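Step one of this worksheet: look at the structure below.
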Amino acid sequence: MYGKTISYAVNGIDANSITVEADVKGGLAKFTIVGLPSNSVRESRERVTSAIKNCGYKFLAYNYTINLAPADLKKEGVALDLPTAIAILAASSQISDSKLSDYALVGELSLDGILRPIRGILPIATAARKDKIKGLIVPTENAEEAAIIDGLNVYSANHLSDVTDIIEGITSPDPVVVDRKQIFDSLNLNSIDMFDVKGQFHVKRALEVAAAGGHNILMIGPPGSGKTMLARRLPTILPTMALREALETTKIHSVAGLTGNRNSIITERPFRSPHHTISDVALIGGGSYPKPGEVSLSHNGVLFLDELPEFKKAVLEVLRQPLEDGVVTISRATQSLEFPAKFMLVASMNPCPCGYFGSHVVGRSCNCTIGMVQKYRSRLSGPLLDRIDIHIEVPSVNYSDLSALPSGEKSCDIKQRVNSCRSVQMNRFEDKGIFANSQMNSKLIRKYCQIDGKGQNLLKTAIEQMGLSARAYDRILKLSRTIADLEESEPILEHHISEAVQYRNLDRKFWE
């Protein structure tokens, strides 16, 4: 006796179609699962056996063989519980198999037959639509997230018996429908605002430039100057997420198990702030069954590294590939996976171990030796700093700013300018495969960053007299292009160069 169902298994951040075959025959009582199952898949035999019995179906002492095809693809997770149970019921002629090919099934089974939610439902729904599956049956807790994918009929079920009723035509539930616009409107509510920050107007301007051009930024200042407060408000001025970006981001969070009924779709740009004790695997992703790390969870958002020199050097060095390529490649003996990782790196650090190097505040003078300062700063390698466009100093806030009422622009006003600036860049790079000025290569810099004679003279003076490094040259041109775009100016003018130079003048002060 033979039964077959269709299901999906998540591999990286994508899902692969899995055919679950059940063969039931007489002989020695046995339950075997083949097709490279993980431990969690092997353990499904206990859950499936109990669920079938507790739902009133028969589970006789036969020889059960479950094949998960394709056999050369590793299967991990608990999503195959439901299709395995249904395949066994079909093979033992306890339910009709005439409509099984119309549905794909995913879900974890409890011992009493209740369906529990699974991870990675969004990539599964995306793959099901691509395969033109007529209907996808999922646990109720996953239904709203799966229904975000347009062009796919999603049916929710609470119990194994609900699934058998749908398959045999006893019940005909309506597909789950969600209002994407309403979800976006209800979730796009920021409780923090750039208006909350007192003083630090030049840093707010630097963050606006960074947001407009997708530039990485490093803030250097003493403790209590507001570096973390500013960084946490950066997502409030980043460009509005498009539906494509929201689905990409949700897919990664779904695989990591960070979505649910309350946040079935990610509509706000992620802000990830890992502790400095994080391991390189947790930051970059990996494991025996590779999962996305913090850099991928920051995709289309912000990765904030507070107290940058406190991170282990090996951890910081693994950032170089995602900062350069926008993807993380994780290789194993049997497979190689890619996780997207296009994020803005925002980092903060003290200028020295005690934090008060160069401070003019009374009672807060630096007591670090030159050797201590050099050792502290040497924890950051040149190649890593080379990938950070803006270095900005964040001084202590004076009393007059602290005691005054909040002033400056609100996040919504800044965000409006950033959106306009990004629209210009999207049109400029429409056929180039990039979306922001920070991603320009040398060829595009030469094409789009032409400067006049006065600008050339100013840039020459900055490079020669201020001791700026060679790597600062391209960064200044990219920043100048973004500043000009914010002013809706096609040519790059002298004052654009001047502002860009000030975002690199800490090269000499802190790194030489």
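The values are calculated or read from the model by the stated rules, or taken from the named source; none is laboratory data. The model shown is predicted, which means the values in this text are computed figures rather than measured ones. Positions of Cβ are generated from backbone atoms using ideal geometry, with glycine treated the same way; all protein chains shown enter the neighbour counts. Calculation scope for accessible area: heavy atoms of the full protein, side chains included, ligands and nucleic acids excluded. Shrake-Rupley method; radii C 1.70, N 1.55, O 1.52, S 1.80 Å.
Things worth noting here:
- Summed over region 474-512, the residues that are acidic (Asp, Glu), crowded, with 17+ Cβ neighbours inside 10 Å and modelled with pLDDT under 90 give a count of 1.
- Condition check for Lys312: open to solvent by 50 Å² or more (accessible area, probe 1.4 Å), at pLDDT 90 or above and not polar (S, T, N, Q): yes
- Helices (runs of 4 or more DSSP H) completely within region 369-454 that count 2 or more residues being surrounded by 11 or more Cβ atoms within 10 Å (Cβ to Cβ) and of a type outside the set (A, V, I, L, M): 370-377, 382-386, 411-428, 442-448
- Hey, Arg116 charged (D, E, K, R), touching an Asp or Glu at 6+ places or on another chain (Cβ under 6 Å) and on the phi < 0 side of the Ramachandran plot or not: yes
- Verdict on Ser172 being farther than 30 Å from Thr482 by Cα, open to solvent by 10 Å² or more (accessible area, probe 1.4 Å) and out of contact with any strand residue (DSSP E or B) (no Cβ under 7 Å at 6 or more places or on another chain): yes
- Wholly enclosed strands (runs of 3 or more DSSP E) of region 2-58 bearing at least 2 residues of a type in the set (Gly, Ala, Ser): 2-11, 14-25
- If you go through region 246-272 and keep only what is part of a loop (DSSP other than H, G, I, E, B) and either open to solvent by less than 50 Å² (accessible area, probe 1.4 Å) or of a type in the set (D, E, K, R) (or both), you end up with Ala256, Gly257, Thr259, Gly260, Arg262, Ser264, Ile265, Ile266, Thr267, Glu268, Arg269, Pro270.
- Of everything in region 315-329 that is open to solvent by 10 Å² or more (accessible area, probe 1.4 Å) and in a strand (DSSP E or B), the residue that is farthest from Leu385 (Cα to Cα) is Thr329.
- Boolean, Asp452 is touching an Asp or Glu at 6+ places or on another chain (Cβ under 9 Å), modelled with pLDDT under 85 and farther than 30 Å from Lys375 by Cα: yes
- Among residues of region 271-286 that are under 12 Å from Phe311 (Cβ atoms), those with a Cβ under 6 angstrom from a residue that is of a type in the set (Gly, Ala, Ser), sequence gap 6+ or separate chain, pair up as Asp280/Ala314; Ala282/Gly293; Leu283/Gly293.
- Within region 52-79, the set of residues being more than 15 Å from Val20 (Cβ to Cβ), touching a helix residue (DSSP H, G or I) at 6+ places or on another chain (Cβ under 9 Å) and either of a type in the set (Lys, Arg) or open to solvent by less than 60 Å² (accessible area, probe 1.4 Å) (or both) comprises Cys55, Tyr57, Lys58, Phe59.
- Counting the residues of region 458-473 that are at pLDDT 80 or above and of a type in the set (Lys, Arg) gives 1.
- Looking across region 1-41 at every residue that is without any contact (Cβ under 8 Å) to a residue 60 or more places away in the chain and charged (D, E, K, R), the one that is least open to solvent (accessible area, probe 1.4 Å) is identified as Lys25.
Results for (1) farther than 20 Å from Leu308 by Cβ; (2) at pLDDT 90 or above; (3) small (Gly, Ala, Ser); (4) in contact with a helix residue (DSSP H, G or I) (Cβ under 9 Å, 6 or more places away or on another chain), shown as yes or no for each residue.
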| site | (1), (2), (3), (4) |
| --- | --- |
| Phe343 | no, yes, no, yes |
| Gly382 | no, no, yes, yes |
| Ile392 | no, yes, no, yes |
| Lys415 | yes, yes, no, yes |
| Gln456 | yes, no, no, yes |
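- Any hit, region 80-103, residues being part of a strand (DSSP E or B), farther than 16 Å from Asn16 by Cα and touching a helix residue (DSSP H, G or I) at 6+ places or on another chain (Cβ under 8 Å): no
- Some residue of region 106-121 being in a helix (DSSP H, G or I) and either over 25 Å from Ser50 (Cα atoms) or without any contact (Cβ under 8 Å) to a residue 24 or more places away in the chain (or both): no
- Residue selected from region 128-148 under the condition in contact (Cβ under 8 Å) with a residue 12 or more places away in the chain and farther than 21 Å from Arg116 by Cβ, by the criterion surrounded by the most Cβ atoms within 10 Å (Cβ to Cβ): Ile133
- Only one of His215, His276, His299 that is surrounded by fewer than 20 Cβ atoms within 10 Å (Cβ to Cβ) and outside any helix (DSSP H, G or I): His276
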